[in-house]
Amino acid sequence: MAREGDNAGPTLLVIAIVVLVVVLTTTALRITVRAKRHALGGDDYTIAAASLLTIGRVTCQIISVQHGNGRHREFLAIEDYQYINFLTWLTQLFLFPILCLLKISVCLLVLRIKSTKQLRIGLWSLIVLLILTTLLPDIVLLAECDPVSAYWTSQADKCWPANVRIYSIYLQTCMFAINSPFLWARANNIAQPSPSSPMSSARCFPSQWSGT
């Protein structure tokens, strides 16, 4: 039975803050080490971009808790409930670009360590596919309802069936699931640089927490 005092918000808040601290710490360490070795590359910039987007996503989560996220719907004012839905919509827009940037970073990291013609073709094709499948769910989120605000107000003249959004997310998730083992296998099995090489720190802190 729902009780007015039930509130999972503080737990959500702690998790969001812990995730943000981990993301910023690991990213800062990675960038600092690479910068001191004069070895910054595209993989570092994409990780940094993912971290910035994570700040935006976690900020939305923190604000939503302040408006009652974590409490039962019947105990929320309609304005707070709609604002929480709006912030949830924003976090979904952030999520898939973050995951995409993480995967692109791994691709670029592999290419920095070893760059054969076959590997370049395969990984750049994968990067293009990652970008396209990332755009799909975000486009669906933006176009799903007319007007867009109907997503969080539930007042729409017309909305696409929920299955359209769900299937677009499934497609993107399947894409990540299929390419993740390949990427990590390539990153872990590829020829290792010497300890004195600027790339000896290439595998430190991939910051996969950014997608949390």
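Taken together, the residues in the stretch 77-126 that are of a type in the set (S, T, N, Q) and crowded, with 19+ Cβ neighbours inside 10 Å amount to 1. Residues considered: R73, R120. Of these, the only one that is basic (K, R), under 30 Å from G9 (Cβ atoms) and at pLDDT below 90 is R73.
Of all residues in the stretch 86-95, at least one satisfies being of a type outside the set (S, T, Y), touching a strand residue (DSSP E or B) at 6+ places or on another chain (Cβ under 9 Å) and modelled with pLDDT of 80 or more. Consider the stretch 90-129 and keep the residues that are assigned to a helix (DSSP H, G or I) and of a type in the set (S, T, N, Q). The one that is nearest to I47 (Cα to Cα) is S105.
Cβ-Cβ contacts under 7 Å between residues 6 or more apart (or on different chains), taken from a first residue in the stretch 113-141 that is under 13 Å from L99 (Cα atoms) and in contact (Cβ under 8 Å) with a residue 24 or more places away in the chain to a second residue that is assigned to a helix (DSSP H, G or I) and polar (S, T, N, Q), are listed as T133/Q172; T134/Q172; P137/S168; P137/Q172.
Restricting I169, I131, I139 to residues that are of a type outside the set (D, E, K, R), at pLDDT 65 or above and surrounded by 16 or more Cβ atoms within 10 Å (Cβ to Cβ) narrows the list to I169.
The values are calculated or read from the model by the stated rules, or taken from the named source; none is laboratory data. Computed from a predicted model, the values in this text were never measured in an experiment. Cβ sites come from the backbone with ideal geometry, for glycine too, and all protein chains shown count toward neighbours.
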